[in-house]
Amino acid sequence: MTAIPFAITARHKGFNRAEIVDQNFTEFVQLWQGEVRAAPRDDAPVLPDSALDARGFRELLESQLISRHLDLMARALRVQNKVFYTIGSSGHEGNAMVARLTRHTDPAFLHYRSGGFMAERFRKLPGMDPVMDSALSFAASKDDPASGGRHKVWGSRPLWVLPQTSTIASHLPKALGTAVAIDHARRIGHSLPIPDDSIAICSFGDASSNHATAQTAFNAAGWTAYQKLPAPVLFVCEDNGIGISVKTPTGWVARNFRSRPDLDYFFADGLDLAEGYAQVQRAVEHCRRTRRPTFLHLKTTRVMGHAGTDFEIEWRSIEELVAVESTDPLLRSAAIALESGLYSKDDLLNLYEATRKRCFAAAEEADRRPKLERLDDVMAPLAPYSPARVKAEAGRTDYAEARLKAFGGEARLPENQPPRHLAIQIGQALHDLMAKYPESLLFGEDVAQKGGVYTVTKGLHKAFGNKRVFNTLLDETIILGLAQGYANMGLLPIPEIQYLAYFHNAGDQIRGEAASLQFFSNDQFRNPMVVRIASLGYQRGFGGHFHNDNSIAALRDIPGLVVGCASRGDDAAAMLRTMMALAKVDGRVCAFLEPIALYMTKDLYEAGDGQWQFAYPAPGEAMTLGEGRVYHEDADDLVVFTFGNGVPMALRAARTLEAELTWKVRVVDLRWLAPLNDAFIAAQAKSARRIVVLDEGRRSAGVGEGVITAIVEAGYGATPLKRVVGADTFTPLAGAAFLVLPGEADVVAAARELR
Ligand SMILES: Cc1ncc(C[n+]2csc(CCOP(=O)(O)OP(=O)(O)O)c2C)c(N)n1
Ligand SMILES: [Mg+2]
């Protein structure tokens, strides 16, 4: 479309661009002097040759106006502290076409400028009010149906719009994951909560398309399609040519995406409803029909700046600003409205003003609605926990037949086997859980035929087949994005991260995304999962830092995330059972740290003693979240608090100390690292005469700090105490690794100092 030229008058030089954009609309309508056609019937093209009919145009126009007036309202009421968000959709309102041409059951992951899309999607269900619902979110009211007042988001449970965070591009992997899950679910006989031919929609900006997280999603979409696997995701790049103040090089988006193999490119003019509609339609139909990843390059513009705080006039020339404002898609929509004969100038201006009134009235009403005023209320959806239901679910045993099949007969059931070590029993537990949950999937790097780098998942591929146990491409962001997508479709994902260091590589998918979904959706959406991570140090002769990473702080610091670490096989089986139950019942995101160095450990004190192998807990035996394990319960000369590799280490040190000092030493395995069970720690500290906190993580922000805080806060700060902890360093290769990690001798030495 050609730009509509404005003469730059004194009015156009104003500081408040929202006001100018607003006046432009009125002035444009008043001064419009085109040919007026005979108004088309509802089902006739709005303009000759347009694929959009008159009814469709009227509704889209109304959605565009709602979006625009919500923006204008936000700018006006922000200064009165009635609204708390001013990043708007002005210039992007053409995205309403994408909503019109898709279904309300196509899961949508939206750009913050997809207000037009949102207003249009509201039409898909009767009795919903885009204006009031949005106003409540702008006002951060507790009544906000999207997030309960926790964020200004586009979100709706009934409309299948999953709320997004402000982190640009972080939603692309899970949108792809959702698309993949739509077709994958059918292949494992899982019934979807939405129609089988649904597509996932994901919108984002032009600058965001360069982000690593976006690029990995495009790559993984292509990787999937190349193998002829369905990935019906519609990537909608809302290209306004700029990201905050940085211009996207002209033509870059088309150049970058037009000819990618296995990412099918479509262009649409999002500034012109009459023109763009057929173009959007082609992209949507292609995606739905071919089930291939589709890239819709939607031309938009940005008027009124990045946000209310962005005074563009301070950093752009007035000529440039006015030129951009003249491409305002609402001016083009006004021209269509008038030329088509569907609206007189008065009708159009009346509609414009009526929409303004409606948005302001809703905002004033939203301002009177309650806010979040108590910490409890704020946190309620973050980490729901129903102990009784979780316990019952963890102990549920009604899948005997499925497990018999998975293990290959009664004699092979793990509880009928001799005691085994950690790696074997994790594998057995996973067989058990995949039999218990037919909707569970296990995936990651090398996990299928090979059974993982440490063969922990060996046999699962054979037992459950390629559809439930599979290798992904090599990208942790995608592994965790897939997990979210599967979870969105009601499946129960068990992704594996090959090493803890590589969790950190993709941590935002849990930190910013998965763990935040219940919070920002007021628990209306859940993405339950159990992420297994091969973790921690002490591997003899292997690896260096990245295979021996001991940074747990980055996980413990994620709100709502459950973090557990087992030191022995029977505990691992029970903990995995609890984690799956937490995921199933309360939608929780759980991280299970598997100490690599203990995978194959069979002995405790002497080579060949077999004392670090344990009987497999039969189904029905459940562990409560937060429950630790206590060795030598009655001993109180010294109590060692620890977890993971620290547990057998502390038990060995205890034997030395008992011989040397005749102390009775209790060893407390925390097992659950987040949330830490403060009450349990306090109860164990109560009778302790001395305490050692043995933490193989790092000195700063390690688990040990939390343990000591719990002890001190419970009033036992006067108990003589020593901390034995990893150094604040990266881990070196070979024998030097043991200089930075706590060892048995360090525990003994610390205890001696407490004499
Ligand atoms: C990962 C990340 N980095 C930086 C930001 C800050 N930021 C917010 S929007 C934005 C520009 C986005 O531009 P674009 O993708 O073109 O979207 P537009 O705002 O133009 O619609 C930036 C840098 C962010 N939100 N997330
Ligand atoms: Mg942009």
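Stokes-Einstein diffusion for the range 256-355, with the hydrodynamic radius set to the Kirkwood value over Cα pairs and evaluated at 10 °C in a medium of 1.306 mPa s, equals 98 µm²/s. Positive end of the dipole of the range 449-510 (Cβ unit charges, origin at the Cα centre): among 507, 497, 469, the Cα lying farthest that way belongs to 469. The Rg/Rh ratio for the range 182-249, using Cα coordinates for both the radius of gyration and the Kirkwood hydrodynamic radius, is 1.10.
3J(HN,Hα) along the range 567-582: 9, 8, x, 5, 5, 4, 4, 5, 5, 4, 4, 5, 5, 5, 5, 4 Hz, from the Karplus curve 6.51 cos²θ - 1.76 cosθ + 1.60 with θ = phi - 60°, whole Hz, x for Gly and Pro.
For the range 381-478, the dipole from Cβ point charges (+1 on Lys and Arg, -1 on Asp and Glu) about the Cα centre works out to 240 debye, to the nearest 20.
Let me check something: with ligands and nucleic acids excluded, how do 282, 666 order by accessible area (1.4 Å probe), largest to smallest? Please list the in-between numbers first.
Working: 282 135, 666 10 Å².
Highest to lowest solvent-accessible surface, that is 282, 666.
Each peptide in 417-426, 111-120 receives the mean, over its residues, of other Cβ atoms within 10 Å, and ordering these scores from highest gives 111-120, 417-426.
Would you work out the relative contact order for the range 518-561, in percent, from Cα pairs under 8 angstrom that are 6 or more residues apart?
Relative contact order here is 25 percent.
Between residue 400 and residue 727, the simple label model (points 7 Å from Cα in the Cβ direction) yields a spacing of 5.7 nm. Along the range 385-397 the Karplus relation, 6.51 cos²θ - 1.76 cosθ + 1.60 evaluated at θ = phi - 60°, assigns HN-Hα couplings of 8, 10, x, 5, 5, 5, 4, 4, 5, 5, x, 5, 10 Hz to successive residues, with x for each Gly and Pro.
Each peptide in 360-368, 629-637, 335-343 receives the mean, over its residues, of other Cβ atoms within 10 Å, and ordering these scores from highest gives 335-343, 360-368, 629-637. For the range 327-431, the convex hull spanned by the alpha carbon atoms encloses 334 Å³ per residue. For the range 597-755, the solvent-accessible area works out to 42 Å² per residue, with a probe of 1.4 Å and every protein chain left in place.
Amide H to amide H, with H built 1.01 Å from N, residue 723 comes under 5 Å of 693, counting only residues 5 or more places away or on other chains.
Would you work out the relative contact order for the range 170-241, in percent, from Cα pairs under 8 angstrom that are 6 or more residues apart? Once normalised by length, the contact order is 44 percent.
Under 5 Å from the amide H of residue 447 lie the amide H atoms of 452, 472, each residue being 5 or more positions distant or on a separate chain, with H modelled from the backbone and absent for Pro and chain starts. Exceeding 19 Å between C-alpha atoms, which entries from my cross-link table qualify? They are 82/124; 124/152; 405/458. In this structure, 82/124; 124/152 exceed 19 Å between Cα atoms. Distance from the Cα centroid of the range 402-426 to that of the range 595-642 is 19 Å (rounded to whole angstrom). One compactness figure for the range 392-455 is 1.17, namely its Cα radius of gyration divided by 2.2 N^0.38 Å. Our coupling estimate for the range 398-405, obtained by passing each phi through the Karplus curve with A = 6.51, B = -1.76, C = 1.60 and θ = phi - 60°, is 7, 10, 4, 5, 5, 6, 4, 5 Hz, Gly and Pro reported as x. Of all DSSP beta bridges confined to the chain, the antiparallel ones make up roughly 15%. For the pair residue 375 and residue 745, the difference between a 0.36 nm per residue extended length and the Cα-Cα distance amounts to 128.7 nm. If you wrap the tightest convex hull around every Cα atom of the range 488-538 and split its volume per residue, you get 76 Å³. With q set to 0.26, 0.27, 0.29, 0.30 Å⁻¹, the log10 of I(q)/I(0) for the range 600-640, from the Debye formula over equal scatterers at the Cα positions, is -0.99, -0.98, -0.97, -0.98. Only Lys, Arg, Asp and Glu carry charge here, each on its Cβ (+1 for the first two, -1 for the last two); on that basis the chain has a dipole of about 960 debye about its Cα centre.
Peptides 256-262, 84-90, 226-232: what's the order by average Cβ count within 10 Å, highest mean first?
Values: 256-262: 14.9, 84-90: 22.7, 226-232: 16.7.
My ranking of the peptides, most packed first, is 84-90, 226-232, 256-262.
For the range 177-318, the direction-averaged projected area of the alpha-carbon convex hull comes to 10.2 nm². The C-alpha atoms of the range 581-677 occupy a region whose extents along the principal axes are 49, 30, 24 Å, arranged from largest to smallest.
Tell me, what are the semi-axes, in whole angstrom and largest first, of the equivalent ellipsoid of the chain as set by the roots of 5 times the Cα gyration tensor eigenvalues? Display every interim value, and only then the final one.
Details: eigenvalues 632, 152, 95 Å².
Here the semi-axes work out to 56, 28, 22 Å.
Label sites at residue 84 and residue 682, each approximated as a point 7 angstrom past Cα along Cα to Cβ, lie 3.2 nm apart. Summarise the accessible area of the range 159-244 (1.4 Å probe, protein heavy atoms) by the percent that is carbon and sulfur. Taking all protein chains in place, the range 159-244 shows 56 percent carbon and sulfur surface.
The values are calculated or read from the model by the stated rules, or taken from the named source; none is laboratory data. Computed from a prediction, not measured in an experiment: that's the story for all the values here. Neighbour counts are summed over all protein chains in view; Cβ atoms, including those assigned to glycine, are modelled from backbone coordinates with ideal geometry. Calculation scope for accessible area: heavy atoms of the full protein, side chains included, ligands and nucleic acids excluded. Shrake-Rupley method; radii C 1.70, N 1.55, O 1.52, S 1.80 Å.
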